[in-house]
C-alpha cells in the first residue's frame, strides 16, 4: 500500500513540478519579457528550487563521450556486451587501435546495488578509461524486471560476478566499490576453491563491509539494533501494476532515498539553501554543481527484496564471510583458498559508511595470497565517496590502482 500511496503523491506533484519548471524559464530566459522584471531572479530561483524538490529523477546518462589516450582525444562508445535479467555488463569502448587495446589492462568495475544507479561511479570510470579497458556492472531497477525472470538473491549476485569474470577472461582485474566487495570476494573465493581457469589477475576492494564489526558506523548499527523481521515488515513492499515488475517484492528506491537524507538532513537543507543563494547571486558554476550532484543523488532504483534481506542477514547481522560460515551452492566461501590473485584494499580515513578496518579485513581473510602481492592504502582525511570520486580519487587513488594493476 505504501508504494501505491507514493505513486499517487508523485502523480499529484507532477503538475506542480511542470508548472514551476515553466515558471523558472519564464523568469530567466533572455527571450522572455518577465526575465527583465525587478524580481525576476528571485522568482526564477524560487520556481527552480520548488521544481527540483518535486520533480521525478530518472536514471542519469553516463555522459562520457570522449577520453584522452596518449595526449589525444578519442571517442568512447558505450556498449552492452553481456545482458542478464538484473544487470547489463557495459563496455566503454575507446576508438583506439586493436594493438593498443590488447596491450591495455582490462578492469571489471563491480558497481554497488545499494539504491543509486551505477552512474554514481561516473567519476571513477572517467579516470579509469584513459588507461584501461573498462567494463561496469549496470544494475537494473528491480521494478522493471518481470516476475517471470525469477528472484535475485545475494548468492545470485555472486554468480553474476563469476559470469562476468568468465566472460572477460583470466587477464581481467576486478575492482569492487562499497557493497559489492563482499559478493566479489565470495565469487573469487569460490572460483579459487574450484580451481576455475578464469580466475582474475587481481582484486581491488574499495570502502566495503568485508567485516562490519570493525569500526561500526551508523549504517552497521542500524542493521544490528533492529531484528531481521523489522526490515522485512517495514521496508519491503510490492511493485505496483503500472511497472513491468508488478508483484515483485522490493526495497523501494524512495524509501532508500529517505534513509540517505535522514543520515544528514541538516547538510541537505543547507545545500538547497546555498543553491537558492547561488541562483540569486548568478553563481552559475556552483549552481550547476548542485544540479549535477542531486540529479545523481536523487535518482534511485528499487532493490530486490531477497537480495536486500540476504545482505542484512549474511553481511551485517551474522557476519558469515569473516566467520567462515557463508555457504553458496553447497560450498563454504573460503577466501584463504585464493593464492594467485593479487589484492589491493582501499579505505577512507573518515568513511562514515564502511568504517576503517572493514575493507582491510580482506587482507587477513585472504591468507593464501603472498604478502608481496598484497597492498593496502588508507586515504587520509577522505570520506566514503572521496575514495572513488573527486580530486583525491583522480590525483592519488586512481594512479595507485593503475600502478598496482601493471605491477601484478
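Residues are listed down the side, and each one gets a yes or a no for (1) touching a helix residue (DSSP H, G or I) at 6+ places or on another chain (Cβ under 9 Å); (2) under 30 Å from residue 227 (Cβ atoms); (3) outside any loop (DSSP other than H, G, I, E, B):
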| site | (1), (2), (3) |
| --- | --- |
| 336 | yes, no, yes |
| 343 | yes, no, yes |
| 346 | yes, no, yes |
| 350 | yes, no, no |
| 364 | yes, yes, yes |
| 369 | yes, no, no |
| 375 | yes, no, yes |
| 395 | no, no, yes |
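Scanning for something closer than 20 Å to residue 200 by Cβ and over 15 Å from the mean Cα position of the chain (by Cα), does the stretch 133-141 turn up at least one residue?
Taking every residue of the stretch 133-141 in turn, at least one turns out to be closer than 20 Å to residue 200 by Cβ and over 15 Å from the mean Cα position of the chain (by Cα).
Looking only at residues in the stretch 276-314 that are part of a helix (DSSP H, G or I), in contact (Cβ under 8 Å) with a residue 12 or more places away in the chain and more than 26 Å from residue 122 (Cβ to Cβ), which one is farthest from the chain's Cα centre (by Cα)?
280
From the list 244, 209, 240, pick out the single residue that is modelled with pLDDT under 95, out of contact with any strand residue (DSSP E or B) (no Cβ under 6 Å at 6 or more places or on another chain) and part of a loop (DSSP other than H, G, I, E, B). First the steps, then the outcome.
On the way: 244 fails: modelled with pLDDT under 95; 209 fails: modelled with pLDDT under 95.
From the options 244, 209, 240, the qualifying one is 240.
For the stretch 71-100, which residues satisfy the criterion of being out of contact with any strand residue (DSSP E or B) (no Cβ under 7 Å at 6 or more places or on another chain) and touching a residue at least 12 places away in the same chain (Cβ under 8 Å)? Break it down into steps so the answer makes sense when it comes.
Residues of the stretch 71-100 out of contact with any strand residue (DSSP E or B) (no Cβ under 7 Å at 6 or more places or on another chain): 71-72, 83-85, 97-100.
Result: 84, 85, 100.
Testing residue 186 on (1) touching a strand residue (DSSP E or B) at 6+ places or on another chain (Cβ under 9 Å); (2) in contact (Cβ under 8 Å) with a residue 40 or more places away in the chain; (3) outside any helix (DSSP H, G or I), one condition comes back false. Which one is that?
Against the list (1) touching a strand residue (DSSP E or B) at 6+ places or on another chain (Cβ under 9 Å); (2) in contact (Cβ under 8 Å) with a residue 40 or more places away in the chain; (3) outside any helix (DSSP H, G or I), residue 186 comes up short only on (3).
Kindly indicate the residue of the stretch 142-168 that is without any contact (Cβ under 8 Å) to a residue 60 or more places away in the chain and more than 20 Å from residue 311 (Cα to Cα) and also farthest from the chain's Cα centre (by Cα) among those meeting that condition.
148
The values are calculated or read from the model by the stated rules, or taken from the named source; none is laboratory data. Just so it is clear, the model here is predicted, and its values are computed rather than measured. FYI the Cβ positions are ideal-geometry reconstructions off the backbone, even for glycines, and counts take in every protein chain you see.
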